[in-house]
Amino acid sequence: MKTFHRVLIAAAGAAVIGSVAAWAAGEYKKPAEYDFSFEGPFGTFDRAQLQRGFTVYENVCAACHSLEHLDFRHLGMDGGPFDEQGMAVAGMEELYSPDPNQNEVIRQIASRTMVEDGPDEYGDMFMREGRPADDFPSPWENEAQGRAANGGAYPPDLSVITKARYGGPEYIRSLLMGYDYEVPEDLDIRPGNYYNPYMSGEVIAMPPVLYPDGVVYEDGTEATVDQMATDVAAFLHWASEPHLEARKRMGVAVMLYLLLLCGLLYAAYRTLWRNVKH
Amino acid sequence: MTDETQAVDGGEETTRRDFIYIAAGGTAAIGGALTLWPFIDQMNPAADTLAEASTEVNLAALDEGVGITVMFRSRPHFVRRRTAAEVEAAAEADVNRLPDSNARNVNIGDGELATVDNRSALTAAVADGVTVDEAFARTILVSGANCTHLGCVPTEGAGEYDAWFCPCHGSHYDTAGRIRRGPAPENLPIPPMTFTAPTTLVLG
Amino acid sequence: MSGPSTYDPKTGIERWLDSRLPIIRLGYDSFVDFPTPKNLNYWYTFGGILTVCLMIQILTGIVLAMHYVPHVDYAFASIERIDRDVNFGWLLRNIHAVGASMFFLAVYLHIFRGLYYGSYKAPREVLWILGVVIYLLMMAAAFLGYVLPWGQMSFWGATVITELFGAIPLVGGPITEWLWGGFAVGNTTLNRFFSLHYLIPFLIAGVVGLHVWALHVPGNNNPTGISVKTSNDTLPFHPYYTVKDGFAIAVFLVIFAAFVFYAPDVLGHADNYIEADPLVTPAHIVPEWYLLPFYAILRAVPDKLGGVILMFGAIGVLFILPWLDTSKVRSMRYRPMAKWFFVGFLIACLGLGWAGAELPDNPVPILGAVGIDFLFFGRVLTLYYFAYFLVILPVLGFVEKPKERPASIDAAVTGGKSAAPAAAPAE
């Protein structure tokens with residue numbers, strides 16, 4: 001009878017290992033490991049890093065990539081780059097407001113963009129400064145325009161990009177740093193395309209965009225390519241899942257509660273069944 | 001945990017057993033009750049609804065004695081540039097004898113008197129570097145357009161005060177948007193507003 | 001098992017209601033005093049766990065439907081809004097998405113439990129068939145629900161599955177267009193899928209009611225497979241099994257919560273976070289893990305119609321299982337040969353799941369050295385899957401010599417060996 005159990009367990013184990021092995025075997029280079037602060041069951045976002053990452057997005061990525069599911073106000077919601085903790089990190093506590101619409105930093109960020117509004121009383125659309133409740137404006141009028149401007153490859157929206165790619169933030173980071181590899185001889189790279197081993201198919205239409213000191217960080221951090229890639233990957237992970245901290249925080253409470261409940265129910269079960277042969 | 005003085009009938013054993021059952025059942029019940037909250041709270045206005053963009057009104061486009069209705073936070077709002085006669089008519093009323101003497105104006109806080117000035121755009125905030133003509137601001141009335149009785153939109157230029165009359169249940173409002181007669185309990189509410197230019201008023 | 005009712009109305013109100021609508025009596029006889037074999041192990045807790053799963057899916061589904069917009073232009077954005085702006089929306093959506101996987105995890109353990117202990121045999125054939133109906137409805141609900149976020153996997157999954165019906169001779173084309181409400185998966189398709197996705201859980205709840213009814217006529221099977229003979233064999237359902245099920249549900253919720261809070265997306269597919277694009281098919285399109293074995297069976301046949309028939313046949317064969325198994329012994333605890341074929345069947349199902357996740361032309365690890373790719377692998381396992389039902393179980397009843405069985409459930413737990421720990425599935 002014991003043999004039977006062992007075989008069962010072995011079969012289940014083999015199935016798990018098999019599927020994991022299958023998962024790991026990919027057609028392109030695995031992203032480099034990186035220990036982001038938000039990993040693990042207690043991980044939180046590094047606010048200074050999110051702010052730096054936003055600087056990179058705003059000055060580099062935003063030229064081609066939209067962030068259509070985010071509003072400016074999201075930057076100031078709890079767990080985001082400019083929440084209470086984030087404003088303290090940046091030394092701007094006095095500009096903080098629990099209502100992201102009233103957060104001065106976010107108002108300034110929004111006002112740096114122009115958004116279309118209207119129609120006005122004459123029926124015309126008009127441009128005005130952005131406000132916190134506005135969507136991040138797309139760099140393109142429509143997808144066709146985005147394609148036309150980028151050699152046929154539409155720069156994907158970045159709202160949920162780390163959830164939409166295996167490897168998540170590590171993939172984004174590796175991809176942005178992955179332009180320095182030698183092109184394999186059997187690969188024919190056409191003009192307008194670049195070799196990047198982390199990209200599916202190893203050919204990418206996005207040119208390398210990060211150069212040393214490509215942005216100026218307000219906190220004085222040196223803007224190396226690694227630094228910028230890491231920061232923007234963290235920012236995009238926050239953008240993909242702004243409630244990550246709330247999720248993990250609630251998870252701890254729920255798990256503790258459920259374990260307590262399990263213990264109590266097990267005690268009740270043992271007490272109840274103590275005198276029953278079963 | 002085991003209170004031995006109470007363990008009279010079944011002895012310590014029974015008391016301890018009951019404690020375990022009650023503790024397990026109680027813990028499960030508390031968990032169940034707490035779980036209800038997300039299911040209830042999800043029906044409250046979401047963050048994007050709360051952050052709904054503000055509404056901008058160009059007052060320069062209004063002639064004297066002309067009113068428009070704009071949407072602000074999903075509700076209609078009256079914006080009216082009153083004539084001097086209309087403002088005077090409203091000023092004649094004895095504030096203390098109105099059905100509702102509260103200004104109902106979030107720009108000046110609760111409990112202020114419902115005077116013509118307290119209900120006009122004079123109470124609006126003014127953005128830095130903007131100068132607003134006070135006489136002009138005094139003629140501007142911005143108020144919610146839903147009758148405080150049951151939410152219908154009153155008809156403009158009608159009723160006993162030639163201002164607003166609610167066709168649903170007959171409430172009469174005056175030219176300061178104050179309830180004067182009828183079942184409505186309160187004056188029409190004044191929304192938060194800011195002058196961002198001499199003739200540009202932003203609600204919200 | 002369902003003997004005379006032991007409900008005794010205590011108060012006047014209870015007596016008044018009992019003579020008009022004996023609903024308290026029904027509940028009392030079904031869930032309080034119901035005589036239940038006293039040797040049920042933890043594998044028998046999945047009925048209760050599945051009830052909880054269904055309730056969780058219905059409740060979270062109802063509130064998600066308050067925010068979801070079934071329109072191709074807004075569906076994806078409305079999901080993002082639920083995740084970002086709706087109060088606790090991220091939590092409710094994670095529970096609903098993870099809940100689908102947990103529901104299937106529990107139902108598979110429930111089904112394999114039934115297969116091992118022979119719970120499908122007389123007099124429980126109708127109970128089993130109703131269970132298969134529930135399983136089919138669950139698959140339909142899961143598929144329809146997966147389309148709603150309108151990601152790449154939603155769109156292409158919907159396309160591939162609806163195209164299956166195109167395999168039907170003559171009427172296949174018209175049926176596919178009828179399903180779509182157009183010439184391809186589009187807005188009309190999304191609308192009807194949303195409507196049906198909302199409907200099916202309530203159908204499931206109805207069939208679950210019948211399933212429980214059909215259970216309460218013959219009463220529970222048990223790990224020995226021996227029918228209840230005396231009241232010595234049973235315990236009242238409450239409190240003995242309500243507490244035991246309660247404990248099992250709590251443990252199950254720990255696993256559930258671990259996914260919801262620490263790995264909400266690990267059971268899904270990254271491509272479904274890319275909005276549906278009818279112009280580009282993802283490089284590697286696979287269904288959710290719980291449908292992978294059927295996907296492997298579909299691909300095992302190099303013919304469109306044949307694959308579809310085989311895939312539906314894999315479920316269809318479950319309907320006639322009670323009459324395919326010829327053995328007089330229910331529990332495989334006392335069937336020395338059937339037990340090993342059962343292990344083989346379990347491995348075949350896991351292997352089919354694996355084959356379904358892989359590209360057919362990829363070599364199987366280790367076995368690839370001798371030229372075995374996942375297509376061949378899947379074919380062999382498909383063969384075993386059907387052989388288990390159509391050959392092995394019918395033949396075994398005649399050739400197998402069952403082990404000696406105890407005289408009664410009571411004798412099984414008191415006589416001979418020491419009481420087995422309840423967690424062991426077969427001891």
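The values are calculated or read from the model by the stated rules, or taken from the named source; none is laboratory data. Quantities reported herein were computed from a predicted structural model and do not represent experimental measurements. Cβ atoms come from the backbone with ideal geometry, glycine included; neighbour counts cover every protein chain shown. Protein only, heavy atoms only, side chains kept; ligands, DNA and RNA dropped before computing areas. Shrake-Rupley method; radii C 1.70, N 1.55, O 1.52, S 1.80 Å.
Count, please, the residues in region A:258-278 that happen to be more than 8 Å from chain C (Cβ to nearest Cβ) and either in contact (Cβ under 8 Å) with a residue 12 or more places away in the chain or assigned to a helix (DSSP H, G or I) (or both).
Going through region A:258-278 one residue at a time, the tally reaches 6.
Residues to consider are B:THR131, B:THR35, B:THR83; find the one that is over 24 Å from the mean Cα position of the chain (by Cα), outside the structural domain of B:TYR173 (by TED's automatic domain parsing) and not basic (Lys, Arg).
Every option except B:THR35 fails the conditions.
Tally time: how many residues in region C:235-249 are over 12 Å from C:PHE46 (Cα atoms), in a helix (DSSP H, G or I) and either among the basic types (Lys, Arg) or within 7 Å of chain A (Cβ to nearest Cβ) (or both)?
Number of matching residues: 3.
In the list C:MET337, C:MET332, which residue meets the criterion of being touching a Leu at 6+ places or on another chain (Cβ under 7 Å), closer than 25 Å to C:TYR44 by Cβ and not assigned by TED's automatic domain parsing to the domain that holds C:PHE155?
Being touching a Leu at 6+ places or on another chain (Cβ under 7 Å), closer than 25 Å to C:TYR44 by Cβ and not assigned by TED's automatic domain parsing to the domain that holds C:PHE155 holds for just one of C:MET337, C:MET332, which is C:MET337.
If a residue must be open to solvent by less than 30 Å² (accessible area, probe 1.4 Å) and more than 10 Å from chain A (Cβ to nearest Cβ), how many such residues does region C:264-276 contain?
Counting residues in region C:264-276 that are open to solvent by less than 30 Å² (accessible area, probe 1.4 Å) and more than 10 Å from chain A (Cβ to nearest Cβ) gives 1.
Would you please name the residue that is surrounded by the most Cβ atoms within 10 Å (Cβ to Cβ), looking only at residues in region B:139-193 that are closer than 14 Å to B:THR69 by Cα and of a type in the set (S, T, N, Q)?
By that ranking, first place goes to B:SER143.
Mind checking which strands (runs of 3 or more DSSP E) fall wholly inside region B:46-92 and carry at least 1 residues that are more than 14 Å from chain C (Cβ to nearest Cβ), touching a helix residue (DSSP H, G or I) at 6+ places or on another chain (Cβ under 7 Å) and open to solvent by less than 70 Å² (accessible area, probe 1.4 Å)?
Fully inside region B:46-92 and qualifying: B:75-81.
Hey, does region A:97-114 have a residue that's open to solvent by 50 Å² or more (accessible area, probe 1.4 Å), in a loop (DSSP other than H, G, I, E, B) and within 12 Å of chain B (Cβ to nearest Cβ)?
Checking region A:97-114: at least one residue is open to solvent by 50 Å² or more (accessible area, probe 1.4 Å), in a loop (DSSP other than H, G, I, E, B) and within 12 Å of chain B (Cβ to nearest Cβ).
Could you check A:PRO197 against (1) closer than 25 Å to A:GLN49 by Cβ; (2) part of a loop (DSSP other than H, G, I, E, B); (3) within 22 Å of the chain's Cα centre (by Cα) and say which number it fails?
Every listed condition holds for A:PRO197 apart from (1).
Rundown of residues vs (1) open to solvent by 50 Å² or more (accessible area, probe 1.4 Å); (2) in contact with a Phe, Trp or Tyr (Cβ under 6 Å, 6 or more places away or on another chain); (3) not assigned by TED's automatic domain parsing to the domain that holds A:TYR171, yes/no style:
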{"site": "A:ASP186", "(1), (2), (3)": "yes, no, no"}
{"site": "A:TYR195", "(1), (2), (3)": "no, no, no"}
{"site": "A:SER200", "(1), (2), (3)": "yes, yes, no"}
{"site": "A:MET206", "(1), (2), (3)": "no, no, no"}
{"site": "A:PRO212", "(1), (2), (3)": "yes, no, no"}
{"site": "A:VAL215", "(1), (2), (3)": "no, no, no"}
{"site": "A:ALA223", "(1), (2), (3)": "no, yes, no"}
{"site": "A:ASP231", "(1), (2), (3)": "no, no, no"}
{"site": "A:PHE235", "(1), (2), (3)": "no, yes, no"}
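For the subset of region A:67-83 comprising residues that are open to solvent by less than 10 Å² (accessible area, probe 1.4 Å) and assigned to a loop (DSSP other than H, G, I, E, B), which member is nearest to C:ASP85 (Cα to Cα)?
A:LEU70
Would you check which residues across region B:119-138 are basic (Lys, Arg) and open to solvent by less than 60 Å² (accessible area, probe 1.4 Å) and list them?
The one that is basic (Lys, Arg) and open to solvent by less than 60 Å² (accessible area, probe 1.4 Å): B:ARG119.
Rundown of residues vs (1) modelled with pLDDT under 95; (2) not charged (D, E, K, R), yes/no style:
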position	(1), (2)
C:PRO223	no, yes
C:LYS229	yes, no
C:GLY246	no, yes
C:ILE255	no, yes
C:HIS269	yes, yes
C:ARG299	yes, no
C:ASP303	yes, no
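Which of (1) assigned to a helix (DSSP H, G or I); (2) surrounded by fewer than 18 Cβ atoms within 10 Å (Cβ to Cβ); (3) touching a Ser or Thr at 6+ places or on another chain (Cβ under 6 Å); (4) of a type outside the set (A, V, I, L, M) is the odd one out, the single condition C:ASP33 does not satisfy?
Just one mismatch for C:ASP33, condition (1).
Kindly indicate the residue of region A:243-257 that is facing another protein chain (nearest Cβ under 7 Å) and open to solvent by 10 Å² or more (accessible area, probe 1.4 Å) and also farthest from A:SER174 (Cα to Cα) among those meeting that condition.
The extreme case among them is A:TYR257.
Just a yes or no: is a residue in region C:29-46 out of contact with any Asp or Glu (no Cβ under 6 Å at 6 or more places or on another chain) and within 25 Å of C:LEU291 (Cβ to Cβ)?
Among the residues of region C:29-46, at least one is out of contact with any Asp or Glu (no Cβ under 6 Å at 6 or more places or on another chain) and within 25 Å of C:LEU291 (Cβ to Cβ), which makes the answer yes.
Look through A:PHE38, A:PHE54 and report the one residue that is assigned to a loop (DSSP other than H, G, I, E, B), under 20 Å from the mean Cα position of the chain (by Cα) and modelled with pLDDT of 95 or more.
It is A:PHE38.
Do we have C:ASP233 as charged (D, E, K, R), surrounded by fewer than 20 Cβ atoms within 10 Å (Cβ to Cβ) and farther than 30 Å from C:ILE56 by Cβ here?
The answer is no for C:ASP233.
Could you tell me whether any residue of region C:277-289 is acidic (Asp, Glu), over 19 Å from the mean Cα position of the chain (by Cα), more than 9 Å from chain A (Cβ to nearest Cβ) and over 30 Å from C:GLY118 (Cβ atoms)?
Yes.
Kindly evaluate A:GLY192 against the criterion of being part of a loop (DSSP other than H, G, I, E, B), at pLDDT below 90, under 26 Å from the mean Cα position of the chain (by Cα) and within 17 Å of A:PRO207 (Cα to Cα).
No: the conditions fail for A:GLY192.
Collect the residues in region A:219-242 that are within 9 Å of chain C (Cβ to nearest Cβ) and either part of a loop (DSSP other than H, G, I, E, B) or more than 20 Å from C:ASP83 (Cα to Cα) (or both), keeping them in residue-number order.
A:GLU241, A:PRO242
Within region C:308-329, is even one residue within 14 Å of another protein chain (Cβ to nearest Cβ) and either surrounded by 14 or more Cβ atoms within 10 Å (Cβ to Cβ) or of a type in the set (Lys, Arg) (or both)?
No, there is no match, as no residue in region C:308-329 is within 14 Å of another protein chain (Cβ to nearest Cβ) and either surrounded by 14 or more Cβ atoms within 10 Å (Cβ to Cβ) or of a type in the set (Lys, Arg) (or both).
Are any residues in region A:101-156 without any contact (Cβ under 8 Å) to a residue 40 or more places away in the chain and acidic (Asp, Glu), and if so, which ones?
If the condition is that a residue be without any contact (Cβ under 8 Å) to a residue 40 or more places away in the chain and acidic (Asp, Glu), then A:GLU104, A:GLU116, A:ASP117, A:ASP120, A:GLU121, A:ASP124, A:GLU129, A:GLU141, A:GLU143 are the ones that fit.
Across region A:115-130, what is the total count of residues that are under 30 Å from A:GLN51 (Cβ atoms) and either loosely packed, with under 13 Cβ neighbours inside 10 Å or assigned by TED's automatic domain parsing to the domain that holds A:ASN59 (or both)?
Summing the residues that are under 30 Å from A:GLN51 (Cβ atoms) and either loosely packed, with under 13 Cβ neighbours inside 10 Å or assigned by TED's automatic domain parsing to the domain that holds A:ASN59 (or both) in region A:115-130 gives 2.
Would you mention how many residues in region A:163-200 are farther than 24 Å from A:SER240 by Cα and either among the aliphatic types (A, V, I, L, M) or within 14 Å of chain C (Cβ to nearest Cβ) (or both)?
Counting residues in region A:163-200 that are farther than 24 Å from A:SER240 by Cα and either among the aliphatic types (A, V, I, L, M) or within 14 Å of chain C (Cβ to nearest Cβ) (or both) gives 3.
Among (1) surrounded by 15 or more Cβ atoms within 10 Å (Cβ to Cβ); (2) touching a residue at least 60 places away in the same chain (Cβ under 8 Å); (3) over 28 Å from the mean Cα position of the chain (by Cα); (4) assigned to a helix (DSSP H, G or I), there is one condition C:LEU352 misses while meeting the rest; what is its number?
Evaluating C:LEU352 over (1) surrounded by 15 or more Cβ atoms within 10 Å (Cβ to Cβ); (2) touching a residue at least 60 places away in the same chain (Cβ under 8 Å); (3) over 28 Å from the mean Cα position of the chain (by Cα); (4) assigned to a helix (DSSP H, G or I) leaves (3) as the failure.
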